[in-house]
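The values are calculated or read from the model by the stated rules, or taken from the named source; none is laboratory data. Values in this document were obtained by computation on a predicted structure and should not be read as measured data. Reconstructed Cβ throughout: ideal geometry from the backbone, glycine too, with neighbour counts over all protein chains shown. Note: accessible area is taken over every heavy atom of the protein model, side chains too, but ligands, DNA and RNA are not part of it. Shrake-Rupley method; radii C 1.70, N 1.55, O 1.52, S 1.80 Å.
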Amino acid sequence: MELEKFVDPLPIPSIIMPKEQYKGEPLYEVRMIETLHKFHRDLPAAKVWGYNGLVPGPTFNVERNQSIYVRWTNHLPLKHFLPVDKTIHGAVHNPEVRTVVHLHGSPSEPDSDGHPEAWFTRNFRQTGPHFKKEIYHYPNSERASCLWYHDHALGITRLNVYAGLAGLYFIRDKHERTLPLPKGKYEIPLVIQDKSFNPDGSLFYPAQPENPTPNIPYPSIVPAFLGNTITVNGKVWPYLQVEPRKYRFRLLNASNTRTYKYQFSNHIPFYLIGTDGGLLERPIRVESLDVSPAERVDIVVDFSKLKGQSILLQDGFELGNPTGAIMEFQVTKPLSFPDQSRVPLLLSHIEPLSLNCVRKVRRLTLQDSQDEFGRLMLLFDDKTWMDPVTETPLLGSTEIWELVNQTPGIHPIHIHLVNFRVIDRYDENGNLVEPLPADFGLKDTVLVAGGQTVRIIMKFQPYCGDYVWHCHRLEHEDHDMMRPLTILPCDFSSKSNSGHHSD
Ligand code: C2O
Ligand code: CU
């Protein structure tokens, strides 16, 4: 059955409010629960797992430098409703349903970062080896930006996020408020995820092998998931009625695997004004944007000359296919008051990172490999999650990482704790290639195309401790394309003479 497009209005996720004060700061309560969610007018409600029962979860809207506490609790069943591969890291001898929440893009303290082994089960009955505390603390010290929170439990992240465990987290600041950008109801979040549905309306997630054999476990993790429908804010191919004026859209690609080429029908140009880490210095006029999983883009689109028209947000990689459409904007609302918003030429200032202060350059390869069952597995430097830590930067030090993609596929590489800058990109022959528009902003996730080498630079601060870095194609992350990252205190090298660390 092909679902009719543009029949459901775009929902806007609700804003969560704190419940009480805790240690003098606001405390939020978020419960992970199983519930039913209607993805489309013509689909029966599907079983989902939602933060506070919502898909996507409630949106946080917090002020820069005002820290908060969040108590994330698990009230989920003990059995998963999606196919759990019991042979991959984290899933082997552990409870089937585990959760832990990572605030993606936040420089969180290590004990509040949602380490994949800091998982907990229902009512915190069982906890993973890295579990430290029930209430997480977020300092919100970063620039105004669009972060997101999602599940990060080792070996089942792809299933938990697909089940619905993802939501938005906005940081606001004074500087952003002084800009004449579209605001209030003219600033709209768009959480984009591809899904597939069974005929009864339930969520479909594949398992392999299709014809089970004795040598390969069933269900086995798949190396990629591409859904046949696109959802935005939890609705399949929704529509939004807009006024003929400028709108600011905060787009999050929360898909498991899919990279989109966002563009509008008729090649309507738009402005990229911000990336993962907040506003760019200057807007960039674009006609399309390639965005891989976990990346966010902040854009301004002008509908003022499009009165009466219907404009599609599309995926330029899939034009002609059903998934080539993402959602529809119907410019049918009357202009409620004159549009005085604009895109200023100067948006913000981004502190440069000097190449002269680089303490270490790491060359890290992205490569195809095989697991013990002969299944495709993607790795960094041929190392699995369980191999000893090798990325051990000193607190406060600046490093360059060369991400060398020796595979034909796209890998969105995400590093916890830091924002980085993209220095440059090379093709497989070592020739410099054009930067992507998003390369001009602060990033926490970078699209590394097949065969490319991407160089990034970052400063490891403000905390030391255990973090991770990984591919954000969740099917890769869950199958060992994830490595520990330990930030060492700066006096480490003087006090220690053990040769165990790569530093
Ligand atoms: Cu968005 Cu380590 O995750
Ligand atoms: Cu990958």
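Residues whose amide H lies under 5 Å from that of G274, counting only those 5 or more places away or on a different chain, are L280, D298; hydrogens are built 1.01 Å from N in the peptide plane.
Per residue, how many Å² of accessible area does the range 20-172 show with a 1.4 Å probe?
32
Using the Karplus relation 6.51 cos²θ - 1.76 cosθ + 1.60 with θ = phi - 60°, the per-residue 3J(HN,Hα) values for the range 463-476 come to 10, 9, x, 9, 10, 9, 9, 6, 6, 9, 6, 5, 5, 7 Hz, with x marking Gly and Pro.
Using the Karplus relation 6.51 cos²θ - 1.76 cosθ + 1.60 with θ = phi - 60°, the per-residue 3J(HN,Hα) values for the range 81-97 come to 9, 10, x, 8, 7, 7, 9, 9, 3, x, 9, 5, 10, 9, x, 5, 9 Hz, with x marking Gly and Pro. Excluding residues fewer than 8 places away in the same chain, name every one of the lysines whose C-alpha is closer than 17 Å to that of K47. Cross-link targets: K38, K79, K195, K235.
The range 38-52 to the range 348-417: how many Å between their Cα centroids? So the two Cα centres are separated by 36 Å. Sorted largest first by accessible area at a 1.4 angstrom probe radius, with every protein chain in place, the residues I12, I423, I415 fall in the order I12, I423, I415.
Close amide-amide hydrogen proximity is noted between G53 and I33, each under 5 Å apart and 5 or more residues distant or on a separate chain (H modeled in the peptide plane; Pro and chain starts excluded).
Panel note: the C-alpha atoms of the range 370-413, placed on their principal axes, show extents of 41, 24, 13 Å (largest first). Label-to-label distance, F337 versus S354, with points set 7 angstrom from Cα along the beta-carbon direction: 4.8 nm. Averaging the sequence gap over all C-alpha pairs within less than 8 Å and six or more residues apart, then dividing by the number of residues, gives the range 1-119 a relative contact order of 21 percent. Anisotropy class assigned to the range 225-332 is oblate, per the alpha carbon gyration tensor with a/c at or over the 1.5 cut-off and a/b no larger than b/c. The antiparallel fraction among DSSP beta bridges confined to the chain stands at about 75%.
Taking the range 261-348, which GluC sites (Glu not before Pro) meet the DSSP loop condition and have no more than 16 other C-beta atoms within 10 Å? Taking the range 261-348 and a limit of 16 other Cβ atoms within 10 Å, the loop GluC sites (Glu not before Pro) found are E287. Centre-to-centre, using Cα atoms only, the range 470-490 and the range 131-166 are separated by 14 Å. Distances between placed amide hydrogens fall under 5 Å for L395 paired with L488, C490, all partners being 5 or more residues away or on another chain. Identify all lysines with a Cα-Cα distance to K23 below 24 Å; exclude those on the same chain that are fewer than 8 residues away in sequence. Partners found: K132, K133. Scaled against the 2.2 N^0.38 Å expected of a compact globular protein of N residues, the Cα radius of gyration of the chain reads 0.94. Under a straight-distance cross-link criterion of Cα-Cα below 19 Å, which lysines are reachable from K183, leaving out those fewer than 8 residues away in the same chain? Here the lysines satisfying the reach criterion relative to K183 are K174, K246, K333. Taking a ≥ b ≥ c as the square roots of the eigenvalues of the Cα gyration tensor, an a/c ratio of 1.5 or more together with a/b no larger than b/c marks the range 6-99 as oblate. Taking every C-alpha pair closer than 8 Å and separated by at least 6 residues, the mean separation divided by the residue count of the chain gives a relative contact order of 14 percent. Each 10 Å bin from zero up to the one holding the largest Cα-Cα distance in the range 20-172 carries the following percent of pairs: 11, 41, 34, 13, 1. Dividing the summed -39500 (n - 2.57) terms of all DSSP H runs of n ≥ 4 by the residue count of the chain sets its mean residue ellipticity at 222 nm at -500 deg cm²/dmol. Backbone phi angles across the range 305-319, fed through the Karplus curve with coefficients 6.51, -1.76 and 1.60 (θ = phi - 60°), yield HN-Hα couplings of 9, 10, 3, x, 8, 10, 10, 9, 8, 10, 10, x, 6, 10, 4 Hz in residue order; Gly and Pro are listed as x.
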